[in-house]
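Sharing a structure here in structure tokens format.
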Amino acid sequence: MTTPIEKKYTDSRPNSQKKYQSSEKLFPNGVTHDARMMKPFPYYISHAEGSKKWDIDGNEYVDYKSGHGAMLLGHAHPEIIKVVNETIAKGSLPGASTELEVAWAQAIKNLVPSAEKIRFTSSGTEADMMGMRIMRAYTGKDKIIKFEHHFHGWSDGASATGGVDANWEYGIPKQVLDTMVIIPPNDISIVESTLENDNNIAGIMLEPTGAHMGQYPIRPSFVKELRELCTKKNIVLMFDEVVTGFRVARGGAEEYIGVKPDISSWAKVLGGGLPGGCVTGQAQFMEILEKTPESKGMYHPGTFNAYPISAAAGAKALTIVKNTNVNEIAAERGQQLVTGINNVLTKLEVPGYAYGQDSLVHLKLGVEANSVEDLINMPSDEPNVFNSGALNHQLGLSLLNQGIDSWSASRFIMMASHTEEDVNKTISAMENAFIEAREQGSM
Ligand SMILES: Cc1ncc(COP(=O)(O)O)c(C=O)c1O
């Protein structure tokens, strides 16, 4: 049965509905990224600027998808547009070293203390693949510890979930899945006993603020314990900074938490809104790519490595990060949103908790929590109306109907271009969304 919220969504998007009919014939599920799948159909965006984007039916949205987290500076930032235009006019891919890649790497080094040496890739997935290979080449060991729910791109090894998300593992040989050891986070004794029982583990990788952009938070003290353990056991500690990098702090989670990893993967904000990733690390680990008496020299080609247009946009973005207060603005707006949503939950007596790491804002419905520690200590969810996904779907559509694009009302990624007015509009829309969902019987 079509709900009133769904009907309103459909009625105001005839052009998107028609475009989806063409897309379904072209793409599996009609989309080009699994996270963009939407019922009854996705909206199609024509353009974006600052904190806003517009669909092909002329609907305006305050955007919290934020380019999957890449657009810290906001859409169509004039300085990024300028540098991209200037660079592309000089030829996009010379197939040789450029000054731009040197400037991009230097901009990273200016912000990240552990980045003694750097290699560029085309995406976060590739950076994570490379990081895993460095761990194995450096230690001569095969297996890698990954934590439950942590996302490290969609390469074969990184997609291992310990059987939790079966579709992530679909198509991957068992032998590859067996090289990944999946354990729960936040309990160092489990990591210790895993290492005691298996001497073929090369290293540990993690999203340092917690799985899914911090949705499942990690205690900073646990990350510190991991650091000590990896040093003691002589294995590699890798931070996946693809989301946290240049966002939760200028120097990423390593600055935010105050723990120095051996190597890290980066993407998203790194490219200033263009594709690009990299692995950084302390020299002894990165030098595994060099041929020396001790090292065979780990192989690393890639047509679009250090893609000049991305290098130019990325170096410019990181310079803006270094010299302006974009991180503080995005974090402030994030906290404004967290407070506003929690006030709405209290006012409407909806069980739930909004929280976040500065500019990454999450909303978990159906819980009674007052702190992140409460969330960490909570037993696994019992399925109920609040965490079935169905309610979030209705809330997300209601927000879209009110001109707010979030991740199904459960995640909001802040940009420095968000204004206080944008956030106030979002808080009011959240309140209306709960009221509409209640009225139509979704909660
Ligand atoms: C923590 C994390 N690692 C890796 C990736 C993969 O990056 P990409 O989409 O650039 O391949 C993502 C993407 O969302 C991510 O969130």
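A short reminder: the numbers here are calculations on the coordinates, not readings from a lab. No experiment lies behind these values; they were computed from the predicted model shown. Every residue, glycine as well, gets a Cβ built from its backbone with ideal geometry; the counts of neighbours run over all protein chains shown.
Based on the Kirkwood radius over alpha-carbon pairs, what value in µm²/s does the Stokes-Einstein equation return for the translational diffusion coefficient of segment 334-443 at 4 °C and 1.567 mPa s?
92
Can you list the HN-Hα couplings for segment 241-258, worked out from phi with the Karplus curve (6.51, -1.76, 1.60; θ = phi - 60°), rounded to whole Hz and with x for Gly and Pro?
Per-residue couplings from phi come out as 9, 4, 8, 6, x, 6, 10, 5, 7, 4, x, x, 5, 4, 7, 4, 8, x Hz.
Moving on to the next point. Using per-residue counts of other Cβ atoms within 10 Å, averaged over each peptide, order 228-237, 327-336 from highest down.
Numbers: 228-237: 16.7, 327-336: 19.6.
Ranking, from highest mean packing down: 327-336, 228-237.
A follow-up question, please. Let me make sure I get this right: for segment 78-323, a, b and c are the square roots of the gyration tensor eigenvalues over alpha carbons, sorted descending. Under 1.5 in a/c it's rounded, otherwise prolate if a/b > b/c, else oblate. Which is it?
Prolate is the answer for segment 78-323, as a/c is 1.5 or above and a/b outweighs b/c.
If I take every Cα pair under 8 Å that is 6 or more residues apart in the chain, average their sequence separation and divide by the length, what percent do I get for the relative contact order?
20
Quick one: which residues, 5+ away or cross-chain, put their amide H under 5 Å from the amide H of Lys117? H built at 1.01 Å from N.
Gly281, Ala283
Which whole-Hz ³J(HN,Hα) couplings does segment 64-78 yield from phi under the Karplus relation 6.51 cos²θ - 1.76 cosθ + 1.60, θ = phi - 60°, glycine and proline marked x?
So the J values, rounded to whole Hz, are 10, 6, 6, x, 6, x, 6, 8, 3, 7, x, 6, 6, 4, x.
Quick query: amide H of Val181 versus all other amide H atoms, modeled in the peptide plane; which residues come in under 5 Å with a sequence gap of 5 or more or a different chain?
Ile144, Ile145, Lys146
Now a separate question. Over segment 396-443, with a single point scatterer placed on each C-alpha, what log10 of the ratio I(q)/I(0) does the Debye formula yield at q = 0.25 1/Å?
Here log10 of I(q) over I(0) equals -0.93.
Arrange the peptides 247-256, 385-394, 270-279, 364-373 so that the one whose residues have, on average, the most other Cβ atoms within 10 Å appears first.
Values: 247-256: 23.7, 385-394: 17.0, 270-279: 26.7, 364-373: 14.9.
Highest to lowest by the protection proxy: 270-279, 247-256, 385-394, 364-373.
Can you tell me what percent of all Cα-Cα pairs in the chain are more than 31 Å apart?
Numbers: 41702 of 97903 pairs.
Roughly 43 percent, rounded to a whole number.
How many Å³ per residue does the convex hull of the Cα positions in segment 68-218 occupy?
Once divided by residue count, the hull of segment 68-218 is 170 Å³.
Same structure again: Step through the residues of segment 423-433 one at a time and calculate ³J(HN,Hα) from phi using the Karplus curve (6.51 cos²θ - 1.76 cosθ + 1.60, θ = phi - 60°), rounding each to whole Hz and writing x for Gly and Pro.
Listing the rounded values in order: 5, 4, 4, 5, 5, 4, 5, 4, 4, 4, 4 Hz.
Helix-only estimate, please: 222 nm mean residue ellipticity of the chain, summing -39500 (n - 2.57) across DSSP H runs of length 4 or more and dividing by its residues, to the nearest 500.
Only helices count here, giving -12000 deg cm²/dmol.
Ok, one more. Show me the three semi-axes of the equivalent ellipsoid for segment 169-238, from the C-alpha gyration tensor (sqrt of 5 times each eigenvalue), largest first, rounded to whole Å.
Each semi-axis is √(5λ); the values are 20, 18, 10 Å.
Okay, next question. Rank the residues Ser46, Ser12 as a footprinting-exposure proxy: fewest other Cβ atoms within 10 Å of their Cβ go first.
Least crowded to most crowded, the residues run Ser46, Ser12.
Grab segment 1-133 and count how many Lys pairs have their alpha-carbon atoms under 12 Å apart, sequence gap of 8 or more, or different chains.
Value for segment 1-133: 4.
Any chance you could run the full-extension gain for Thr339 through Ala390? It's 0.36 nm times the residue separation minus the Cα-Cα distance, nm to one decimal. Display every interim value, and only then the final one.
Working: separation 51, 0.36 × 51 = 18.36 nm, distance 2.45 nm.
Contour length minus Cα-Cα distance gives 15.9 nm.
Multiply the residue gap between Lys82 and Ser428 by 0.36 nm, knock off their C-alpha separation, and tell me the result in nm, one decimal place.
My answer for the length gained is 121.0 nm.
A further question follows. Counting other Cβ atoms within 10 Å of each Cβ, which trypsin sites (Lys or Arg not before Pro) in segment 89-121 have at most 16 and sit in a DSSP loop?
Details: sites: Lys90, Lys109, Lys117, Arg119; in loops: Lys90.
Taking segment 89-121 and a limit of 16 other Cβ atoms within 10 Å, the loop trypsin sites (Lys or Arg not before Pro) found are Lys90.
Using square roots of five times the C-alpha gyration tensor eigenvalues, list the equivalent-ellipsoid semi-axes of segment 17-144 in whole Å, biggest first. Walk me through the intermediate numbers first.
On the way: eigenvalues 229, 110, 47 Å².
Each semi-axis is √(5λ); the values are 34, 23, 15 Å.
What per residue convex hull volume, in Å³, comes out for segment 1-68 when only alpha-carbon positions are used? Don't jump to the answer; show the numbers that get you there.
Working: hull volume 6.9 nm³, N = 68.
Cα-based convex hull of segment 1-68, divided per residue, equals 102 Å³.
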